[in-house]
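Q: I am attaching a structure below and will ask some questions about it afterwards.
The values are calculated or read from the model by the stated rules, or taken from the named source; none is laboratory data. Note that this is a predicted model, so its numbers are computed, not measured. Reconstructed Cβ throughout: ideal geometry from the backbone, glycine too, with neighbour counts over all protein chains shown.
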Amino acid sequence: MNVVDEAEEAVRRYERMLPRERVDRLKRSGIEVLASQGRRDRELGLRVRYDVEICCLQAIRIKRRDTSGMGGTQESVLDREAASTLFKRIERLATKTLYTVGLDHGAVRLEATGKSGCSVISIDPRPWKGMTDLSAMYRAGWKQLQSELDEERHRNAAPIIGMDPEFLLVQMPESKIVPASRFLERTGIAGCDSVTIGGRRIYPVAELRPAPSSEPRELLAHLMRAFAVADRSISDHSLIWQAGGMPQRGLPLGGHVHFSGVTLNGELLRALDNYLALPLAVLQDPRGSGRRPRYGSLGDFRLKSYGGFEYRTLPSFLVSPLVAKGVVALAGLIVRGYHQLHQRPLAKAVIHTAFYEGNREVMQAHIPALLDDLMQMDGYERYERYAAPLISQLIQGKTWDESRDIRKLWNIRAGS
Amino acid sequence: MSLSHKHQCREIITKAICGKGRKFSTVTHTVTPPNGPTSILGAWIINHQYEAVSAGDGIEVIGTYDINIWYSYDKNSQTDVAKETVSYVEHVPLSYLDPKHRAATVEVSADATQEPSCVEATVSAGGSSVIIRVEREFAVELVAETKVCVKVCTDGCGDYEDKDYDFGSGDGDYDDLDPDLLDDEL
């Protein structure tokens, strides 16, 4: 199916979805929606409004209608470069909104509100209808995506995979988080990452940034090298290292996977959500499910300056080598052959709910069929060594324990 | 890092950007006009002025702006513009700070990457004042003298083709890093 047919098919699926279900999906994903009743009930006043046109998961135009009330100056078009943070923030919310209801293209009207920054007012699933300047912009976007996808299929090169998973340093037995910045620099193969609490930026999280590779084994060797660098830098060996979704309350951890040499598109994100994030959510320690929906929502991606993109939905898979190897293998498998993967259990409201609520039993029922698809894929043998142990654990319905010290599993000897 | 004998490193002292930070924030102001507002007809921010000062682990942006609210009162029979000057101090943390910078030489600057703008203006629940929500964003920089390590070409700046820079990553130290040797345990 080509890009245009997929877009029209997605609109038909959207139109079959009940309005209530659309709103529920958005709310579960952490997106605030102002239905007409809500709009009537709130205080009188003026609010900034954004009309966002999204094509291929990116904004092609953001119109802002401001509060000045001064006639002709009320409406302006945001410039991606000039208003970079504002543009990105609005673009991200609009893209996420559409993706959550199954669309990669469409228009979203947002309005500034007190609680969360912006709420969704309405969605237009087919803003390209008719022969307008806007429809020409959409057609140009689709044409470019189609040629990139065609070229990629023709080239058939292995995508390059990278990662920046996180872990925490914890003082036991009181379970006190020790900032990683005490031992690690901001940058480097083993560095630290920031969170802002009460206006102060602190660096509590350790992050490994191994060199990328198109070979799973090589990428994992790079990861072990990053672990070794971290081990040499973290001189306090009494601290334990924890990973997973949220091993310590209030500090959610991510296992971001980076891809380059593959074109970002909605079907690839949906394949990653259904065939990687969903199985991993079944395996996840139930204690980590509080990470969502603020972090780790479905289809969460960021475009990167190197030309690729980062998939941000997964928790920190450093929780064990088995999980890390499995993630690297499945990510490689999916990104190379996602057009062979057609199941979308997360499109069903019940599975979508189970994912965000961490209801393992409901999700578990769908896992065997997904795993079957993965094992039937062309080229599975290439990834089997690292994928099979993870698949075996998934079939057994096990969960990891994110309270433990990950050093032993990674053969990191304190003081080595 | 190993270097061939042809290349040397030198430490030079230079003025450089030693710290950077960026902060987006949303703040709420309450403006009480002389007449109880019926509805808001317009709300905007003008005359923004600010300066940056060094403050502990970050940079403080100190500034002022005027809020203008065009509102109606007396059951929409009259209109007026309420004006209020707001002053603020925004602490912008540095996401990067060169630890080698010379503190005595520090100069700081700030740039409003997004001018303060009013995104929401509502009549308060009691009906006597107007709640204004303002978004603003600053990028800050800290410039100071610092030491920078540079590679020096001892034989001039001629042809680089035959230079054998070796950024040895010490691969030999990691020969035992084999992911296949790790236990398969969940």
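Q: Give me the residue from region A:260-317 that is on the phi > 0 side of the Ramachandran plot and crowded, with 21+ Cβ neighbours inside 10 Å and, out of that set, modelled with the highest pLDDT.
A: Among residues in region A:260-317 that are on the phi > 0 side of the Ramachandran plot and crowded, with 21+ Cβ neighbours inside 10 Å, the one modelled with the highest pLDDT is A:G299.
Q: Mind checking which pairs have a first residue in region A:21-36 that is without any contact (Cβ under 8 Å) to a residue 24 or more places away in the chain and a second that is part of a helix (DSSP H, G or I), Cβ under 7 Å, 6 or more apart or different chains?
A: A:A35/A:V23
Q: Exactly one condition in (1) surrounded by fewer than 24 Cβ atoms within 10 Å (Cβ to Cβ); (2) touching a helix residue (DSSP H, G or I) at 6+ places or on another chain (Cβ under 8 Å) is false for A:L239; which is it?
A: (2)
Q: So which of A:A112, A:A59 ends up being among the aliphatic types (A, V, I, L, M), in a strand (DSSP E or B) and modelled with pLDDT under 95?
A: A:A112
Q: Further, regarding this structure: Please determine whether any residue of region A:114-134 is in contact with a helix residue (DSSP H, G or I) (Cβ under 9 Å, 6 or more places away or on another chain) and under 25 Å from A:G261 (Cα atoms).
A: No, region A:114-134 contains no residue that is in contact with a helix residue (DSSP H, G or I) (Cβ under 9 Å, 6 or more places away or on another chain) and under 25 Å from A:G261 (Cα atoms).
Q: Within region A:43-83, work out how many residues are buried (at least 20 other Cβ atoms within 10 Å of the Cβ), more than 10 Å from chain B (Cβ to nearest Cβ) and charged (D, E, K, R).
A: Going through region A:43-83 one residue at a time, the tally reaches 2.
Q: Moving to a separate point now. Could you tell me whether region A:299-315 includes any residue that is out of contact with any Pro (no Cβ under 8 Å at 6 or more places or on another chain), within 14 Å of chain B (Cβ to nearest Cβ) and hydroxyl-bearing (S, T, Y)?
A: no
Q: Under 6 Å between Cβ atoms, which residue pairs at least 6 apart in sequence (or on different chains) link something in region B:1-28 that is within 12 Å of chain A (Cβ to nearest Cβ) and more than 30 Å from B:D66 (Cβ to Cβ) with a partner that is modelled with pLDDT of 90 or more and part of a strand (DSSP E or B)?
A: Going by the 6 Å Cβ cut-off, the qualifying pairs are B:G19/B:L142.
Q: Would you pick out the residues in region A:12-42 that are part of a helix (DSSP H, G or I) and crowded, with 18+ Cβ neighbours inside 10 Å? Let's see the steps before the verdict.
A: Step one: of region A:12-42, the residues part of a helix (DSSP H, G or I) are A:12-16, A:19-28, A:36-41.
Of everything in region A:12-42, those that are part of a helix (DSSP H, G or I) and crowded, with 18+ Cβ neighbours inside 10 Å turn out to be A:R22, A:R25, A:L26, A:R28.
The rows are residues; the columns are (1) buried (at least 20 other Cβ atoms within 10 Å of the Cβ); (2) without any contact (Cβ under 8 Å) to a residue 12 or more places away in the chain; (3) within 13 Å of chain B (Cβ to nearest Cβ).
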site	(1), (2), (3)
A:L134	no, no, no
A:M172	no, no, no
A:S175	no, no, no
A:L184	yes, no, no
A:D193	no, no, yes
A:R225	yes, no, yes
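Q: Determine, yes or no, whether A:P210 is more than 14 Å from chain B (Cβ to nearest Cβ), in a loop (DSSP other than H, G, I, E, B), surrounded by 17 or more Cβ atoms within 10 Å (Cβ to Cβ) and touching a Gly at 6+ places or on another chain (Cβ under 9 Å).
A: It is false that A:P210 is more than 14 Å from chain B (Cβ to nearest Cβ), in a loop (DSSP other than H, G, I, E, B), surrounded by 17 or more Cβ atoms within 10 Å (Cβ to Cβ) and touching a Gly at 6+ places or on another chain (Cβ under 9 Å).
Q: Scanning for something among the small types (G, A, S), closer than 28 Å to A:I60 by Cβ and either touching a helix residue (DSSP H, G or I) at 6+ places or on another chain (Cβ under 7 Å) or part of a helix (DSSP H, G or I) (or both), does region A:171-194 turn up at least one residue?
A: no
Q: Considering each residue of region B:28-85, count those that are more than 18 Å from B:S109 (Cβ to Cβ), surrounded by 15 or more Cβ atoms within 10 Å (Cβ to Cβ) and among the β-branched types (V, I, T), and give that number.
A: Result for region B:28-85: 7.
Q: Could you tell me which numbered condition A:E6 fails, if it satisfies all but one of (1) part of a loop (DSSP other than H, G, I, E, B); (2) of a type in the set (D, E); (3) over 17 Å from A:C118 (Cα atoms)?
A: So A:E6 meets the others, but not (1).
Q: Sticking with this structure for a sec: Would you confirm, using the coordinates I've provided, whether B:T79 is hydroxyl-bearing (S, T, Y), touching a helix residue (DSSP H, G or I) at 6+ places or on another chain (Cβ under 9 Å) and either within 16 Å of B:V130 (Cα to Cα) or within 14 Å of chain A (Cβ to nearest Cβ) (or both)?
A: On the way: hydroxyl-bearing (S, T, Y): yes; touching a helix residue (DSSP H, G or I) at 6+ places or on another chain (Cβ under 9 Å): no; either within 16 Å of B:V130 (Cα to Cα) or within 14 Å of chain A (Cβ to nearest Cβ) (or both): yes.
It is false that B:T79 is hydroxyl-bearing (S, T, Y), touching a helix residue (DSSP H, G or I) at 6+ places or on another chain (Cβ under 9 Å) and either within 16 Å of B:V130 (Cα to Cα) or within 14 Å of chain A (Cβ to nearest Cβ) (or both).
Q: How about region A:389-402: which of its residues are more than 9 Å from chain B (Cβ to nearest Cβ), under 24 Å from the mean Cα position of the chain (by Cα) and not acidic (D, E)?
A: A:I391, A:L394, A:G397
Q: Out of the residues in region B:34-65 meeting the condition of being part of a loop (DSSP other than H, G, I, E, B) and within 14 Å of another protein chain (Cβ to nearest Cβ), tell me which one is modelled with the highest pLDDT.
A: Here the residue is B:G36.
Q: Which ones in region B:82-122 are within 10 Å of another protein chain (Cβ to nearest Cβ), over 28 Å from A:G69 (Cα atoms) and without any contact (Cβ under 8 Å) to a residue 24 or more places away in the chain?
A: Correct list: B:P99 only.
Q: Further question on the same structure: List the number of the failed condition for A:L303; all other conditions in (1) touching a Leu at 6+ places or on another chain (Cβ under 8 Å); (2) more than 23 Å from A:T97 (Cα to Cα); (3) aliphatic (A, V, I, L, M) hold.
A: (2)
Q: While we're looking at this one, here's another question. Would you confirm whether or not region A:315-334 contains a residue that is more than 30 Å from A:A228 (Cα to Cα) and within 18 Å of the chain's Cα centre (by Cα)? If you could, list the steps in order and put the result at the bottom.
A: Of region A:315-334, the ones more than 30 Å from A:A228 (Cα to Cα) are none.
Checked region A:315-334: no residue is more than 30 Å from A:A228 (Cα to Cα) and within 18 Å of the chain's Cα centre (by Cα).
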